[in-house]
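J.: Let me give you the structure first, and then I'll get to my questions.
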Amino acid sequence: MAKKSIKKYTPNTKEKYMCAKHKKYFAEKLTAWRREIVKSNNDNVVLSNLDDNISSADIVDQASSYTEKNVEMRASNRRRKLVNKIDQALKKIKDGTYGYCEETGEPIGLKRLIARPIATLSIEAQERHEKEEKIYAAN
């Protein structure tokens, strides 16, 4: 009998929240995402190193190259932070706290986790944080 592929499986609310199937699904999803990001970062490093060997006498080309490198560095930093968040989520799966809001302790919800597997706050808690940020940003 063939083993059911996790890729075809989608967690549903009829099952116990964060049962073994849910944890396996999210662990595999997060691990695949992490692998993809690390590969992308490695590919970009290789391409960036190749580009470093080409220096132009044209100041406009140099400025353009500098801007592109700056944008790529920021994107690379965002990806590194994302890998860190994925690692934290994988650790939470292992310690049994994955899927629960860090603020309220309530379940985050399957739909939210499927859309954003690194979510640490419920929708309500996230909205509260965003409102607070707007209030502080306005002052």
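J.: Kindly establish whether LYS134 is of a type in the set (D, E, K, R) and either within 20 Å of GLU28 (Cα to Cα) or touching a Ser or Thr at 6+ places or on another chain (Cβ under 6 Å) (or both).
T.: Considered against the rule, which asks whether it is of a type in the set (D, E, K, R) and either within 20 Å of GLU28 (Cα to Cα) or touching a Ser or Thr at 6+ places or on another chain (Cβ under 6 Å) (or both), LYS134 comes out as no.
J.: How many residues does the range 46-59 hold that are assigned to a helix (DSSP H, G or I), at pLDDT below 70 and exposed (fewer than 12 other Cβ atoms within 10 Å of the Cβ)?
T.: 5
J.: Let me ask you something else. So, of the residues in the range 60-73 that are loosely packed, with under 12 Cβ neighbours inside 10 Å and modelled with pLDDT under 80, which turns out to be nearest to ASN42 (Cα to Cα)?
T.: Top of the filtered list is TYR66.
J.: Just checking, does the range 21-32 include any residue being farther than 30 Å from GLU130 by Cβ, basic (Lys, Arg), more than 14 Å from the chain's Cα centre (by Cα) and modelled with pLDDT under 90?
T.: For the range 21-32, residues farther than 30 Å from GLU130 by Cβ, basic (Lys, Arg), more than 14 Å from the chain's Cα centre (by Cα) and modelled with pLDDT under 90: absent.
J.: A follow-up question, please. For residues that are touching an Asp or Glu at 6+ places or on another chain (Cβ under 9 Å) and not charged (D, E, K, R), scanning just the range 111-125, find the one that is nearest to LYS24 (Cα to Cα).
T.: Of everything passing the filter in the range 111-125, THR120 is nearest to LYS24 (Cα to Cα).
J.: Still on this structure: Return the residues of the range 79-101 that are over 29 Å from ALA20 (Cβ atoms) and either touching a residue at least 24 places away in the same chain (Cβ under 8 Å) or surrounded by 11 or more Cβ atoms within 10 Å (Cβ to Cβ) (or both); say none if nothing qualifies.
T.: Hits for the range 79-101 are ARG79, ARG80.
J.: Here is a follow-up. Would you please list the contacts, defined by Cβ atoms under 6 Å and residues six or more apart or on different chains, that run from a residue in the range 2-20 that is modelled with pLDDT under 95 to a residue that is among the hydrophobic types (A, V, I, L, M, F, W, C)?
T.: PRO11/LEU110
The values are calculated or read from the model by the stated rules, or taken from the named source; none is laboratory data. Since the structure is predicted, the reported quantities are computational estimates derived from the model, not experimental observations. Every residue, glycine among them, receives a Cβ derived from its backbone with ideal geometry; neighbour counts consider all protein chains shown.
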